[in-house]
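Report on the structure given below.
The values are calculated or read from the model by the stated rules, or taken from the named source; none is laboratory data. Since the model is a prediction, treat every value here as computed from it, not as a measurement. All Cβ positions, glycine included, derive from the backbone under ideal geometry; neighbour counts span all protein chains shown.
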Amino acid sequence: MKKNNELEAINLSKRTSFISLFTSGGTIICCALPALLVSIGAGAALSSFISVFPQIVWLSIYKIPIFIGAFSMLLIAGYMQWRAKNMPCPADKRLAQQCIRARKVSLWIYCIAVVIFCIGLIFAFVLPYLMR
């Protein structure tokens, strides 16, 4: 029974990492992508992109709640990563290999989500502040 609880905790960690990746991706779409397109002189491409996907304007209007949600998910996923790291893997060799692989994949996904969040944060808040 204890082995199943450990695997469930690792799977929960993996799921929260995927959710944090998804929410961090929202920060890229709402803020970093439009800023990047405008900064490289692709304003026409941005206007075409917005005409195809008008929801991006809505995401940009609510960027502060989006960043708060993404940051909250990153904190939860980070806690779950830390908690799963300290759990022992099952004694069964096959299950132990799956456990180690799931931890590595989950950690990579979490790190990618943190990098994406930081890029979005820089484009949404830091660069506009520095350009004043």
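Here are a few things to note about the model shown:
- Applying the criterion of being hydrophobic (A, V, I, L, M, F, W, C) and modelled with pLDDT of 85 or more to the residues of the range 78-104, the residue that is farthest from the chain's Cα centre (by Cα) is ILE100.
- CYS89 meets the stated requirement of being part of a loop (DSSP other than H, G, I, E, B) and either among the aromatic types (Phe, Trp, Tyr) or surrounded by 14 or more Cβ atoms within 10 Å (Cβ to Cβ) (or both).
- Which numbered condition ALA45 fails, given (1) buried (at least 16 other Cβ atoms within 10 Å of the Cβ); (2) touching a helix residue (DSSP H, G or I) at 6+ places or on another chain (Cβ under 6 Å); (3) part of a helix (DSSP H, G or I): (1)
- When each of VAL126, VAL52, VAL114, VAL57 is tested for being at pLDDT below 85 and of a type in the set (Val, Ile, Thr), the lone residue that passes is VAL57.
- Scanning the range 77-97 for residues that are closer than 19 Å to SER24 by Cβ and touching a Leu at 6+ places or on another chain (Cβ under 8 Å) yields MET80, GLN81.
- The one condition in (1) at pLDDT 75 or above; (2) exposed (fewer than 13 other Cβ atoms within 10 Å of the Cβ) that LEU36 fails to fulfil: (2)
- Listed conditions (1) at pLDDT below 75; (2) surrounded by 14 or more Cβ atoms within 10 Å (Cβ to Cβ) are all met by GLY25, apart from (1).
- Meets criteria (crowded, with 16+ Cβ neighbours inside 10 Å, at pLDDT below 85 and not polar (S, T, N, Q)) for LEU107: no
Results for (1) buried (at least 17 other Cβ atoms within 10 Å of the Cβ); (2) under 15 Å from GLU8 (Cα atoms); (3) touching a residue at least 40 places away in the same chain (Cβ under 8 Å), shown as yes or no for each residue.
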{"site": "ALA70", "(1), (2), (3)": "yes, no, yes"}
{"site": "LEU74", "(1), (2), (3)": "yes, no, yes"}
{"site": "ARG94", "(1), (2), (3)": "no, no, no"}
{"site": "CYS99", "(1), (2), (3)": "yes, yes, yes"}
